[in-house]
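Notes to accompany the following structure.
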Amino acid sequence: MAYRWETPASVWLEDDRTGQFELATSEGLGQLNWNAPAQAGALAAHDPTRLPARLPARLHDIARLLGASLPAGCAHAAIYPEGFAFCPECGRPLERFAGRRQHLPDWWGPHADALLPRHVPHGLPVTSLALGDSLEERPAAPVIGRFDEAMPTPPNAHCVFAAAGYGFPEQRLLALAPGRGVLQYWDPLAELWQVLLPEDGAADLSFTASDYGWLPVASLGHEPRRGEVALLPTAHGLRRLWINPVSETYRTETLLAAPLVAAPGTMRRHIACLARNPGGGVSLYALDADLAPAPAQDCGALPLSGWSRPVGYDGRLLWLHPEGQLAWRPGEAPQFLPWPDTWLPSLDLGGPTLSRDGRMWLIGHDGQSYCFLELGAASPQRERIDGARLGFANLLFRRGHPVLDEPWSGEHVEDQGEDDSLVLPLLRSFNNNRSQPSGLVLRFHKYTGRAEDALANRVIPRTTVEWIGRSNVILDEIARLARPHECVPFVYANRLWLHHPDWNRIRGWHLEALT
């Protein structure tokens with residue numbers, strides 16, 4: 001016989017023989033299998049004679065996520081329902097997690113920072129977190145620092161990261177490998193990655209047609225419900241993703257059943273998706289704030305892969321492609337603008353940047369030299385330059401020197417010795433109280449080749465990870481780095497992390513408390 005305990009969010013069953021509690025249902029978690037994630041020996045610290053044969057192996061993590069209680073001085077049960085303050089068997093006090101809530105900033109990748117002001121392009125590697133306030137307290141260059149701590153890389157290392165609460169009281173880290181459709185969950189207490197399995201009817205999460213990008217629920221204007229993660233593109237449509245950390249599973253909800261060809265974007269509470277239509281061309285599907293789809297708008301015979309993440313600026317969304325740019329403004333028809341003759345974009349060198357008059361520009365090559373091209377204009381202006389610029393959103397470098405004025409201006413030379421280095425920006429930190437951009441960069445030392453070669457498969461003998469800001473800080477040194485574009489920075493648990501699929505550890509640097 002089992003006694004039934006009901007809390008505001010859950011239903012628990014108590015075994016009258018063993019005194020153990022089992023979670024039967026919980027708000028937002030969908031299907032529950034309390035015994036499925038159990039692992040032998042996970043509860044060896046307790047008396048095994050008093051426990052059922054199988055219990056979830058991650059009880060400490062589950063208790064914190066549900067707000068349940070854990071034993072503090074007895075072993076009569078492994079976990080207690082929310083609100084329990086004392087063990088009903090012996091009366092000893094329990095460790096309660098109900099009411100505890102972390103206040104850490106969400107991280108959805110720098111491309112999905114909804115807190116940036118409107119005059120900063122959205123969809124680029126720019127974050128609103130004031131990372132420099134912490135990192136610049138470290139010893140300045142030429143002192144070479146080291147990472148403060150490390151975590152293991154996910155089993156599927158080519159991934160994107162999200163750190164948020166997902167409707168739970170504590171922040172947790174997810175790593176999604178879109179190439180394989182694998183969702184991975186970091187248990188910070190057990191210090192291991194769990195691969196979440198799909199529930200019955202869950203969609204395949206893989207998406208390889210173009211650059212990956214997901215949309216956090218907060219971008220829709222409401223707080224996530226329990227277990228609600230994000231809206232994400234898949235090969236067969238736009239899905240809403242839910243996780244169940246108790247059963248270590250996920251489920252999906254279909255919002256748009258159409259084969260997507262690019263990552264979705266948001267503009268003025270509208271969600272825009274590019275998808276292949278039955279005729280073999282591309283159509284734009286727009287969903288309003290209630291996720292109700294509007295009639296599809298035909299974009300013509302456009303490419304079915306190779307699109308960038310959309311960039312939002314000045315009321316428009318822009319998808320970039322080696323063949324041209326697709327611009328869309330809510331309430332208007334989408335417009336595809338092929339690149340002018342003789343001009344080819346250099347998308348690997350960085351993303352769009354702004355001039356002082358507020359126009360967006362993209363670097364490319366016109367057959368004679370590099371030059372910047374105005375974006376979103378039917379008759380775009382060009383500005384020639386004498387060498388490649390790497391970067392985006394005004395965080396630009398020519399060789400080892402910053403470009404501080406217009407994107408096509410000459411570099412600002414402070415140290416002639418940096419002529420033999422090459423700087424690749426990874427992340428810009430936007431802060432209104434700074435006159436010049438600051439951010440995380442990689443510096444390739446003693447490199448004199450073409451920028452395109454450094455970003456391909458060439459092995460760079462010596463690279464430093466640096467923070468460029470009010471003071472320049474060398475955070476770490478890397479030997480033999482290849483494919484630097486695969487470096488992924490993210491922020492989780494008040495730490496800045498840097499991941500590369502070739503490394504077996506993710507490097508982390510402590511930050512001051514971010515709220």
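Cβ-Cβ under 8 Å, sequence separation 6+ or interchain: first residue in the range 20-36 and over 14 Å from residue 167 (Cα atoms) and free of Cβ contacts under 8 Å to residues at least 60 places away in the same chain, partner assigned to a loop (DSSP other than H, G, I, E, B) and of a type in the set (A, V, I, L, M). Which pairs?
Qualifying pairs under 8 Å: 20/51; 20/55; 20/77; 20/78; 24/32; 25/32; 35/55.
May I ask you to say which residue of 305, 219 is open to solvent by 10 Å² or more (accessible area, probe 1.4 Å), part of a loop (DSSP other than H, G, I, E, B) and hydroxyl-bearing (Ser, Thr, Tyr)?
Matching residue, one of 305, 219: 305.
So how many residues does the range 273-283 have that are touching a strand residue (DSSP E or B) at 6+ places or on another chain (Cβ under 9 Å), of a type outside the set (D, E, K, R) and surrounded by fewer than 22 Cβ atoms within 10 Å (Cβ to Cβ)?
4
Just for the range 222-245: of the residues that are open to solvent by 10 Å² or more (accessible area, probe 1.4 Å) and of a type in the set (A, V, I, L, M, F, W, C), which one is farthest from the chain's Cα centre (by Cα)?
235
Take residue 201 and tell me if it is in contact with a strand residue (DSSP E or B) (Cβ under 9 Å, 6 or more places away or on another chain), surrounded by fewer than 20 Cβ atoms within 10 Å (Cβ to Cβ) and at pLDDT below 95.
Spelling it out, residue 201 is indeed in contact with a strand residue (DSSP E or B) (Cβ under 9 Å, 6 or more places away or on another chain), surrounded by fewer than 20 Cβ atoms within 10 Å (Cβ to Cβ) and at pLDDT below 95.
Here are some residues: 120, 126, 143. Which one is modelled with pLDDT under 95 and not aromatic (Phe, Trp, Tyr)?
120
Take the residues in the range 178-195 that are hydrophobic (A, V, I, L, M, F, W, C) and either touching a Leu at 6+ places or on another chain (Cβ under 8 Å) or not in a strand (DSSP E or B) (or both); name whichever of them is most open to solvent (accessible area, probe 1.4 Å).
Among those residues, the one meeting the criterion is 189.
Among (1) under 22 Å from the mean Cα position of the chain (by Cα); (2) touching a residue at least 60 places away in the same chain (Cβ under 8 Å), where does residue 442 come up short?
(2)
Output the qualifying pairs, or none if there are none: Cβ atoms under 9 angstrom, residues six or more apart or on different chains, first residue in the range 478-502 and more than 24 Å from residue 131 (Cα to Cα), second residue of a type in the set (Phe, Trp, Tyr) and modelled with pLDDT of 95 or more.
Cβ pairs passing all conditions: 481/444.
Residue by residue through the range 460-493, note down the ones that are open to solvent by less than 60 Å² (accessible area, probe 1.4 Å), under 24 Å from residue 141 (Cβ atoms) and not in a strand (DSSP E or B).
Across the range 460-493, the qualifying residues are 469, 471, 484, 487.
Has the range 494-510 got at least one residue that is in contact with a helix residue (DSSP H, G or I) (Cβ under 6 Å, 6 or more places away or on another chain) and outside any loop (DSSP other than H, G, I, E, B)?
Looking for residues that are in contact with a helix residue (DSSP H, G or I) (Cβ under 6 Å, 6 or more places away or on another chain) and outside any loop (DSSP other than H, G, I, E, B), one finds none in the range 494-510, hence no.
Based on what the data block shows, is residue 326 more than 28 Å from the chain's Cα centre (by Cα) and surrounded by 20 or more Cβ atoms within 10 Å (Cβ to Cβ)?
Considered against the rule, which asks whether it is more than 28 Å from the chain's Cα centre (by Cα) and surrounded by 20 or more Cβ atoms within 10 Å (Cβ to Cβ), residue 326 comes out as no.
Residue check: is residue 295 over 30 Å from residue 182 (Cβ atoms) and either open to solvent by 50 Å² or more (accessible area, probe 1.4 Å) or acidic (Asp, Glu) (or both)?
Considered against the rule, which asks whether it is over 30 Å from residue 182 (Cβ atoms) and either open to solvent by 50 Å² or more (accessible area, probe 1.4 Å) or acidic (Asp, Glu) (or both), residue 295 comes out as yes.
The values are calculated or read from the model by the stated rules, or taken from the named source; none is laboratory data. None of the values given here were measured: they were computed from a predicted structure. Ideal geometry is used to build each Cβ from the backbone, glycine not excepted, and the neighbour counts take in all protein chains shown. Ligands, DNA and RNA are excluded from the accessible area calculation, which covers all protein heavy atoms including side chains. Shrake-Rupley method; radii C 1.70, N 1.55, O 1.52, S 1.80 Å.
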